[in-house]
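To start, the structure under review is shown below, and the notes come after it.
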Amino acid sequence: MKLTNARIVGDDASALVDVTLAEGRIVAIEPHRAPAAADTAPGADADSAPDADPETETVDLDGRWIMPGLWDQHVHSSMWAQQSQRLDLSHTTSATEVAVTLATSVLPESDGIIVGQGFRDALWPDQPTRELLDSAVSDIAVVLVSGDLHSCWLNSLALERFGFYDHPTGFLREEEAFAVGSALSRVEPDILDGWIRDGAAEAASRGVVGIVDLEMTWEFENWQRRMLEGFDLFRVRVGVYPRFLERAIFEGLTTGQQLAPLLEVGPFKIITDGSLNTRTAYCVEHYPGEPHNRGVLNIPADELVEWIRTASGAGLSPAVHAIGDDANTLALNAFEIVGCRGRIEHAQSLSESDLPRFAALGIAASVQPEHAMDDRDVADALWPGRNHRTIALRSMLDAGIELLMGSDAPVAPLDPWAAIASAVSRSRDGREPWYPEQRITVAEALTASAQSTIAVGEVADIVVTRKNPLDCSGEELRAMRVDATILAGRFTHNQL
């Protein structure tokens, strides 16, 4: 394929180029040469010019902009795919409103269970209880998954179904919630694969060429099946969780190992603390009104060191979930003790003294800028005096930290332009920017969202847009139109 009459984002806006793609890579970038009248007969196209390869498809981009394909560095694939099949509770502002929504909605039932998703209860004026949920729906099991995936709310029938018969409130957090979430992900493969393909097509239309799949189950066989059956919409790096580490080592899996043309082994993922909304992110200071609650440390510090040592020693690069400031300190301590590189997922609240440690230890920050917009009110309420350190992107870059951007889908939409918009504007829905000093530039956000460049020898993963992203406002970035997405030299989305 040859892309002609294109502009490269970040280069001279007046410079038009022709980019040749072959065998999945960029093989040439040359100044654009319009076909001469003598070269092209009336009514013919550039492919008929004497020096053109008749087997090369030529696509005139008419001055459109090209940039590297976009990655989402943190996705939960099964939960993301199932989100569209669940009752949306993201608009609810109280436990009572959730109950009313359940009682008055047409409920999506599957396999004898109703599943809702997206509520955020941190600022609710009332408490979620099993009795309240039973008052709304009592004749079928109901599971409601929080927007951050770290808690879920069950009615009595659902508590019985998942083995929590005597739970006093029906509101499960952390490991209990993860167990329910994993059970909900067990959908018939042909059905789940269809949902994933639909979601992937939408992601491709937003310029996505790859994801890091951090689903909590063993996903290698699922992705191998999908790709054998023709899935080819983006690249996938599959993560490994602690309960599967022994199996991964036995099978000789190492981070970066290519298992198929679009499938490779991702990082070793370990969750050390909870989340802000669930008040389980592990922090230096206690939560307001909860003098004995600094959050939840899911993995003791000494165990974290051993997990990281074992994984890294086997060739699996660690990716440590840490949201609270103390959890991040403990994660960095563990990396320092082991002496390996890796990444911290979320890095949502950081102590000032930890900023330079990331770069010094070679630890990347895998961040989700949309979380700053989702959590701004909760952070103001629950992290007073330290909310300015929430997803502090500018401070991270200034400290030399490598940023990797993503969504944590389904926590936030699998849409890199939403993440980019939040990163550069710190604003959404017309609100004033939240700690605008933590904004980064569009160029910096694009770098954190890509894994390649537009250069000879690079993979031919390319996004085509009508607007130059570098000239766009936050709202324009959020609404960015992607005219085409190219993966390994072929279209996965084409609206040229």
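The values are calculated or read from the model by the stated rules, or taken from the named source; none is laboratory data. Bear in mind the structure is a predicted one, so any value in this text is a computation, not a measurement. All Cβ positions, even for glycine, are placed from backbone atoms using ideal geometry, and neighbour counts span all protein chains on display. All accessible areas refer to the heavy atoms of the entire protein, side chains included, with ligands and DNA or RNA removed. Shrake-Rupley method; radii C 1.70, N 1.55, O 1.52, S 1.80 Å.
Here are the numbers:
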| read-out | value |
| --- | --- |
| Of residues in segment 158-173 being among the charged types (D, E, K, R) and touching a residue at least 40 places away in the same chain (Cβ under 8 Å), the one nearest to GLU109 (Cα to Cα) | ARG161 |
| For ARG394: the one exception among (1) in contact with an Asp or Glu (Cβ under 8 Å, 6 or more places away or on another chain); (2) assigned to a helix (DSSP H, G or I); (3) open to solvent by less than 10 Å² (accessible area, probe 1.4 Å) | (3) |
| Residues located in segment 262-304, provided they are in a strand (DSSP E or B), within 26 Å of GLY147 (Cβ to Cβ) and charged (D, E, K, R) | LYS269, ASP273, GLU290 |
| Single match in GLU303, GLU251, GLU264 (criterion: over 24 Å from the mean Cα position of the chain (by Cα), without any contact (Cβ under 8 Å) to a residue 40 or more places away in the chain, within 29 Å of GLN451 (Cβ to Cβ) and open to solvent by 10 Å² or more (accessible area, probe 1.4 Å)) | GLU251 |
| Pairs where the first residue, in segment 484-496, is touching a residue at least 40 places away in the same chain (Cβ under 8 Å) and the second is of a type in the set (Phe, Trp, Tyr) and open to solvent by less than 40 Å² (accessible area, probe 1.4 Å), C-beta under 9 Å, 6+ apart | THR485/PHE234; LEU487/PHE234; THR492/PHE234 |
| Some residue of segment 429-449 being under 19 Å from ASP62 (Cα atoms) and at pLDDT 95 or above | no |
| Of all residues in segment 84-128 being charged (D, E, K, R) and at pLDDT 90 or above, the one that is most open to solvent (accessible area, probe 1.4 Å) | ASP88 |
| Matching entry among TRP417, TRP383 (being open to solvent by less than 10 Å² (accessible area, probe 1.4 Å) and over 17 Å from ALA322 (Cα atoms)) | TRP417 |
| So ALA364, is it touching a strand residue (DSSP E or B) at 6+ places or on another chain (Cβ under 7 Å), surrounded by fewer than 24 Cβ atoms within 10 Å (Cβ to Cβ) and at pLDDT 95 or above | yes |
| Residue match in segment 6-25 (condition: surrounded by 16 or more Cβ atoms within 10 Å (Cβ to Cβ), more than 23 Å from TRP417 (Cβ to Cβ) and either modelled with pLDDT under 95 or basic (Lys, Arg) (or both)) | yes |
| Helices (runs of 4 or more DSSP H) completely within segment 56-171 that count 1 or more residues being more than 24 Å from ALA203 (Cα to Cα) | 95-104, 130-136, 156-161 |
| Tabulated pairs, segment 357-384, first under 20 Å from GLU290 (Cα atoms), second of a type in the set (Ser, Thr, Tyr) and surrounded by fewer than 24 Cβ atoms within 10 Å (Cβ to Cβ), C-beta under 6 angstrom, 6+ apart or interchain | ALA379/THR390; LEU382/TYR287 |
| Selection from segment 211-242 of residues that are aromatic (Phe, Trp, Tyr), assigned to a loop (DSSP other than H, G, I, E, B) and more than 19 Å from ILE299 (Cα to Cα) | TRP218, PHE231, PHE234 |
| Residues of segment 363-392 classified as closer than 18 Å to ARG439 by Cα and in contact with a Pro (Cβ under 7 Å, 6 or more places away or on another chain), total | 1 |
| Residue identified as surrounded by fewer than 21 Cβ atoms within 10 Å (Cβ to Cβ) and part of a strand (DSSP E or B) among LEU259, LEU245, LEU192 | LEU259 |
